[in-house]
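Heads up: the structure comes next, in structure tokens.
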Amino acid sequence: MTVDTDVLIVGAGPTGLALGIDLARRGVAALVVERADRLFPGSRGKGIQPRTMEVFDDLGVLDAIRAAGGDYPVGMIWRDGERVGEHRMFDPAEAGDDSPYAQPWMVPQWRTQEILFARLAELGGRVEFGREVVGLTQDEDGVTVEFASGAPVRARYAVAADGGRSAVRRALGIGMAGEADMTMAPNPMLVADVRITGLDRDNWHVFPPSDSEGFLAICPLAGTADFQIAAQFAEGTDVDLSLDGIRKVVAARSHLFPDAVTEVRWASDFRPRAALADRFRAGRVFLAGDAAHVHSPAGGQGLNTSVQDAYNLGWKLGAVLRDGAPESLLGSYEEERLPVAADMLGLSTRVHRGEARRGTATRQLGLGYRASSLAVETRTGLPEAALRAGDRAPDGAHDGVRLFDTFRGPHWTLLTVGTGAGTGMGTGTSSGADASLPSLSAVRTLRIPTREAYGSGVFLVRPDGYVGWAGGTAEGLTEYATGVGLRHTLPG
């Protein structure tokens, strides 16, 4: 049977669009399909964590993301129509040389998706709307997906990025731990994007619960004229999503009059839950984003963990489909991402329950893959705080060269630190940094005499910005590179 595309991505949310971008820039033919007739219209996932800002920098959308959003406002607690105190939603943090983005950046989800969609189109990618999956079969050569309307698609691999009620996951028969567990919060939640008068846009307005009513939070959405309303209700409540219904909630729980809400632009009724797929892969089909893990919105972990699923999977699919890497490389996706998703799921649940702050862990800069089969550390006797294989490769500058500028793009980077030489950079060769370094095609090389965050050694940085291999010398590097397909890539 003819292969229509290399990769079929089901779902045009942040996960599917980010994966489409990563594959497009690698020259991998990918098709994104979406059940709805347009992109998601609401603000649901509005927080971009610092690690995701780094990902967006690499994918070429950071400038647009920054222009579209803003910092989170300070929370303001109200009682009986009076301001009674400020509430800091996030623990303070300062940007540093190693981490240029310190705090979450607010962008409504609908705007994030528009930016990703535009970038995908710029790279020649495409999205087909109105494509509801109704069937899936696979064999040793590929996957065939059928739709309620339109022709089926045959692909070498498929990715389920179609949300918490994923049709693809269900077709595969993959269970989801916690799917029926409502103990996190059986209470329904209202989340809506509205136009509202009578409140400033400098604060995230919080109205604590009373004896008769649940809490209400009204947050100005950066880069827009909208506010996001969030309200919790008693178990069993039938939430009214109409303009009149939302007006009644706002009037009952705040000092505002009903007509302060002038327009409802999007509204949703949901129950926060935590659920994790039993597996992230079945044959030639991978689960990513909400199809693999469903989070409470507290802590801003869902969208961010989802985008990083795509970032992890994209380079691996590209390596196998375009660079001659062994198919076994794809096994590291579940190996690396399932434990991370489980950890982030636990964190967002603790934040939801008030058991954890929105602090260092929620920024996701400390996540890594030290236990992965792709993390090879050949040095011994390292200090406890030393950078190791599997860790995120920090940023930094030397003689005007920023490491993130060097890392940016769909390539690996061979970084030599501590040679005593000046800065040198090249592509596909060792650039004279060390005659013992192998010459690897499609690998950018950089040597710097010192960088505190790295210590000294030779570091092979993966396309997703994590250290894959580290050593005091280059001994063993060639074998590692062969295992991930580098010695089979075309010069670029």
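If you rank GLU128, GLU235 by how much accessible surface each has, with a 1.4 Å probe, what is the order from largest down? Mind dumping the intermediate values first?
Numbers: GLU128 55, GLU235 135 Å².
From most exposed to least exposed: GLU235, GLU128.
What list of ³J(HN,Hα) values in whole Hz, one per residue of region 125-133 in order, does the Karplus curve 6.51 cos²θ - 1.76 cosθ + 1.60 (θ = phi - 60°) give from phi, with Gly and Pro shown as x?
x, 9, 10, 10, 8, x, 10, 8, 6
Cβ under 14 Å from GLY60's Cβ, GLY60 left aside: what net charge do those residues give with Lys, Arg +1 and Asp, Glu -1?
Once positives and negatives cancel, what remains is -2.
Out of PRO104, PHE40, GLY70, whose Cα points farthest toward the positive end of the dipole of region 1-110 (charges: +1 Lys, Arg; -1 Asp, Glu; placed on Cβ)?
About the Cα centre, the residue reaching furthest to the positive side is PHE40.
HN-Hα J couplings of region 71-83 from phi, Karplus 6.51/-1.76/1.60, θ = phi - 60°, integer Hz, Gly and Pro as x?
Each residue of region 71-83 in turn: 5, 5, x, 6, x, 10, 8, 10, 8, 6, x, 10, 6 Hz.
Show log10 I(q)/I(0) for region 181-236 at q = 0.15, 0.24 Å⁻¹, two decimals, from a solvent-free Debye sum over equal Cα scatterers.
Taking Cα atoms of region 181-236 as identical point scatterers yields -0.50, -0.96.
Based on Cα positions only, what radius of gyration and what Dmax would you give for region 148-282, in angstroms?
19.1, 57
Between ALA118 and ASP91, what's the calculated FRET efficiency when r is the beta-carbon distance and R0 is 35 Å? Round to 0.05.
Values: r = 33 Å, r/R0 = 0.95.
Between ALA118 and ASP91 the formula returns 0.55.
Whose amide H sits under 5 Å from the amide H of GLU128, counting only residues 5 or more places off or on another chain, with H placed in the peptide plane?
Here the answer is VAL32, VAL33, GLU34, since their amide H atoms fall under 5 Å of that of GLU128.
Leaving out ligands and nucleic acids, and using a 1.4 Å probe, what accessible area per residue does the chain come to in Å²? Please report the intermediate quantities before stating the final value.
Details: 19730 Å² over 492 residues.
Per residue, the chain has 40 Å² of solvent-accessible surface.
Which percent of the accessible area of region 181-330 is formed by carbon and sulfur heavy atoms (probe 1.4 angstrom)?
Details: 2630 of 5370 Å².
That share works out to 49 percent.
So what's the Cα pair-distance distribution over the chain, bin width 20 Å, in %?
Reading the bins upward from 0: 23, 53, 22, 2.
Can you compute the charge dipole magnitude of the chain about its Cα centre, using +1 on each Lys and Arg Cβ and -1 on each Asp and Glu Cβ, nothing else charged? Give it in debye, rounded to the nearest 20.
Details: 50 positive and 62 negative charges, 71 e Å.
In debye, rounded to 20, the chain gives about 340.
Using unit Cβ charges (K, R positive; D, E negative) and no other charged atoms, how large, in debye to the nearest 20, is the dipole of region 211-333 about its Cα centre?
On the way: 11 positive and 15 negative charges, 120 e Å.
Its charge dipole is roughly 580 debye.
Once the dipole of the chain is set up with Lys and Arg at +1 and Asp and Glu at -1 on Cβ about the Cα centre, which of VAL261, VAL7, PRO297 lies farthest towards its positive end?
Selected residue: VAL7.
When DSSP assigns beta bridges and you keep just the ones with both residues in the chain, what percent turn out antiparallel, to the nearest 5? List each step's numbers first, then the result.
On the way: 61 of 89 bridges.
Among the beta bridges of the chain, antiparallel pairing accounts for roughly 70 percent.
Could you pull out every residue, at least 5 positions away or on a different chain, whose amide H is within less than 5 Å of the one on TRP412? Hs are placed 1.01 Å off N in the peptide plane, and Pro or chain starts have none.
Amide H neighbours of TRP412: ARG444.
The values are calculated or read from the model by the stated rules, or taken from the named source; none is laboratory data. If you're wondering where the values come from, they're calculated on a predicted model, not measured in any experiment. Ideal geometry is used to build each Cβ from the backbone, glycine not excepted, and the neighbour counts take in all protein chains shown. To get the accessible areas, we keep the full protein, side chains included, count just its heavy atoms, and leave off ligands, DNA and RNA. Shrake-Rupley method; radii C 1.70, N 1.55, O 1.52, S 1.80 Å.
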